[in-house]
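Reviewing the structure listed below.
Each reported figure results from applying straightforward, stated rules to the coordinates on display, with no laboratory input. Here the structure is a predicted model, which is why all the values come from computation and not from measurement. FYI the Cβ positions are ideal-geometry reconstructions off the backbone, even for glycines, and counts take in every protein chain you see.
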Amino acid sequence: GIGKCVALELARRNARTILACRSRERGQVALEEIRAATGNPSVLLRLLDTSSMASVRAFARDILHHEERLDVLVNNAGVTGLPFTITPEGLEQTFATNYLGHFLLTNLLLG
């Protein structure tokens, strides 16, 4: 999708690129494809589920702890057409995934 295309282009420009993926398996496939296409070894995979505020907080802590700086953040995760579902944290899943997770992540990474 769009996120993979953006990550591929950033990696082509030799950027250290972090793929924030909900699925380790799908993320690993994308990571290998991007590394192979670009020759950039600085493409990394980190797990992130934007519907889970705990996952967002853990991801942000990891980035702030391990990364020297963050120049670009692309908030791209999104879902549509899901049945009404409440997350374990009591949030409506689509709203949490498409808005709240991105908002929290951006604010946590701004410092």
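So how compact is region 2-110: Cα radius of gyration and Dmax in angstrom?
So, for region 2-110, Rg and Dmax equal 14.2, 43 Å respectively.
List the residues whose amide H sits under 5 Å from the amide H of L45, counting only those 5 or more places along or on another chain, with H placed 1.01 Å from N in the peptide plane.
Residues meeting the amide H criterion: L19.
Take the alpha-carbon positions of region 59-111, form their convex hull, and give its projected area averaged over all directions (one quarter of the hull surface) in nm².
With every direction weighted equally, the projected area is 4.2 nm².
Under the classification rounded if a/c is under 1.5, otherwise prolate if a/b is larger than b/c and oblate if not, where does region 16-66 fall, given a ≥ b ≥ c as square roots of the Cα gyration tensor eigenvalues? It would help to have the intermediate numbers written out before the result.
On the way: a/c = 3.94, a/b = 1.66, b/c = 2.37.
Because a/c hits 1.5 or more and a/b fails to exceed b/c, region 16-66 counts as oblate.
Please find the FRET efficiency linking L108 to R24, where r is the Cβ-Cβ separation and R0 is fixed at 22 Å, and quote it to the nearest 0.05. Show your work: numbers first, answer last.
Values: r = 22 Å, r/R0 = 0.99.
Efficiency, from the Cβ-Cβ distance: 0.50.
Residue-wise, which Karplus ³J(HN,Hα) couplings in Hz belong to region 93-100, taking 6.51 cos²θ - 1.76 cosθ + 1.60, θ = phi - 60°, and x for glycine or proline?
4, 5, 5, 5, 5, 8, 10, 4
Take E92 and R61, extend 7 Å from each Cα along the Cα→Cβ direction, and tell me the distance between the two endpoints in nm.
With each label placed 7 Å out from Cα toward Cβ, I get 3.0 nm.
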